[in-house]
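J.: The structure's right below; bear with me while I get my questions together.
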Amino acid sequence: MAVSVDLIAKAEQTHRLELAEIAGLLGEADCEQQLAAAADRVRSAYVGDDVHLRGLIEFSNVCRRDCSYCGLRRDNTRIDRYRLSEDDIVELARKAKGYGYRTVVLQSGEDLYFSIDRLCRIIRRIKALGMVITLSIGERSYEEYQAFREAGADRYLLRIETTDPALYAAFNPGMQLADRIRCTEELKTLGYEVGTGTLVGLPGQTMEMIARDILWYQAIDADMLGVGPLIPNADTPLGEAEPGDWHLTRRLVSLLRLLLPEANIPATTAMETMMPHGREIILNSGANVVMPNVTEGDYRRKYALYPGKICVADTPADCRACMSGRIKVLGRFVAQDEGFRRHQDREV
Ligand code: SAM
Ligand code: SF4
Ligand code: FES
């Protein structure tokens, strides 16, 4: 434990740790509180006490991929598929603006029905509302990423899930880690703010593998880092797997803050699905972003990545009021600005 305290102090001061040091802290359950406290200090110093809210629009649950953990996977026949119309997506964004969100996150399965033309039209119409746009629609070609960027998309979330090639291949059939890395690099080149992250609890995943994920996030200078535990879905091949370790995921969030102090880090829905008030705990452990759902009606339930998803019976207005209240209780406040990544060294 004494060694861990020294390592946490080193991380807080230098924002650098070696692979074995990171793996050691990830595996050390006793250091969780100290890690969270250090991450909370670094969060306050680097990105402030405000919390950025991003309105999440789950616009299609159709997917051409077959990830072994995800309820949207192509081979899952026990899910009601839907696609929102262009007008409905833009209308949800307009309402999100009315709730005071400055950013919408457009998320879906890998649904090629949403072609370059269709998506660019949607992006332009939402941009015209004066909103920042984050896309989270999976792997596309450089030309598509370029067209979306030119149409006005600002940010892109594409979790790497794991940087271990064998683990990646095992749970993402037909996909390759090299493609995921290439997409991430292309998005960076095109000037998107890029989000990545780890799916914690893939069977066979080790602390060293997660530590390598973190070093890769540092190497690519990730702007956003979203991580969550695996929540087994009975309609997928990983239905019988052990759930990801919530506490390990919390330690990971804290280490991400210590080692990438400027990044925007969400307290993810999966963290609260596994633990009541999980998002507040994570906001106090290094995170500074929440992505409340602005999808309406039964589509929330139908966007069924995993069971037990929170807020499926709530409305966008419920979630907005709920999150404002909870953030206030933490002694924090809802950010009023657009919430782009801060660059300490460039602000002087
Ligand atoms: N299709 C896009 C993609 O894969 O990047 C975006 C949507 S996908 C549903 C968003 C994230 O959901 C994935 O990056 C994955 O980490 C997470 N996810 C999927 N199934 C999950 C599960 N059973 N438990 C926890 N997270 C899961
Ligand atoms: Fe499709 Fe994304 Fe789910 Fe994989 S994680 S099956 S790409 S929605
Ligand atoms: Fe949806 Fe609390 S965030 S009801």
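Bear in mind that the values in this text are calculations on the coordinates, not laboratory data. A quick note: this is a predicted structure, and the numbers were derived from the prediction, not measured. Note: ideal-geometry Cβ built from the backbone for every residue, glycine included; neighbour counts use all protein chains shown.
J.: Among the numbered conditions (1) in a loop (DSSP other than H, G, I, E, B); (2) touching a strand residue (DSSP E or B) at 6+ places or on another chain (Cβ under 9 Å); (3) more than 26 Å from residue 156 (Cβ to Cβ), tell me where residue 297 comes up short.
T.: If we test residue 297 against (1) in a loop (DSSP other than H, G, I, E, B); (2) touching a strand residue (DSSP E or B) at 6+ places or on another chain (Cβ under 9 Å); (3) more than 26 Å from residue 156 (Cβ to Cβ), just (2) comes out false.
J.: For residues in the stretch 213-236 being crowded, with 18+ Cβ neighbours inside 10 Å and not in a loop (DSSP other than H, G, I, E, B), which is nearest to ligand 3 (Cβ to nearest atom)?
T.: 228
J.: Kindly indicate whether any position in the stretch 199-210 is assigned to a helix (DSSP H, G or I), within 18 Å of the chain's Cα centre (by Cα) and either surrounded by fewer than 19 Cβ atoms within 10 Å (Cβ to Cβ) or of a type in the set (Val, Ile, Thr) (or both).
T.: Yes - at least one qualifying residue is present in the stretch 199-210.
J.: Follow-up. Testing residue 96 on (1) within 16 Å of ligand 3 (Cβ to nearest atom); (2) part of a loop (DSSP other than H, G, I, E, B), one condition comes back false. Which one is that?
T.: With (1) within 16 Å of ligand 3 (Cβ to nearest atom); (2) part of a loop (DSSP other than H, G, I, E, B) applied to residue 96, the lone miss is (2).
J.: On the given criteria, is residue 184 of a type in the set (Val, Ile, Thr), within 27 Å of residue 75 (Cβ to Cβ) and part of a loop (DSSP other than H, G, I, E, B)?
T.: no
J.: Kindly indicate which of 149, 212 is more than 29 Å from residue 278 (Cα to Cα) and more than 16 Å from ligand 2 (Cβ to nearest atom).
T.: 149
J.: Next question, about the same structure. Among the residues that make up the stretch 48-57, is at least one of them surrounded by 23 or more Cβ atoms within 10 Å (Cβ to Cβ), within 26 Å of residue 115 (Cα to Cα) and in contact with a helix residue (DSSP H, G or I) (Cβ under 8 Å, 6 or more places away or on another chain)?
T.: Yes, the stretch 48-57 contains a residue that is surrounded by 23 or more Cβ atoms within 10 Å (Cβ to Cβ), within 26 Å of residue 115 (Cα to Cα) and in contact with a helix residue (DSSP H, G or I) (Cβ under 8 Å, 6 or more places away or on another chain).
J.: So which residues in the stretch 89-119 are more than 21 Å from the chain's Cα centre (by Cα), among the hydroxyl-bearing types (Ser, Thr, Tyr) and within 16 Å of ligand 2 (Cβ to nearest atom)?
T.: Passing the criteria: only 113.
J.: Follow-up question, since we're still on this one. Quick one: would you say residue 314 is surrounded by 12 or more Cβ atoms within 10 Å (Cβ to Cβ), without any contact (Cβ under 8 Å) to a residue 40 or more places away in the chain, assigned to a loop (DSSP other than H, G, I, E, B) and away from ligand 1 (no atom under 16 Å from the Cβ)?
T.: Yes.
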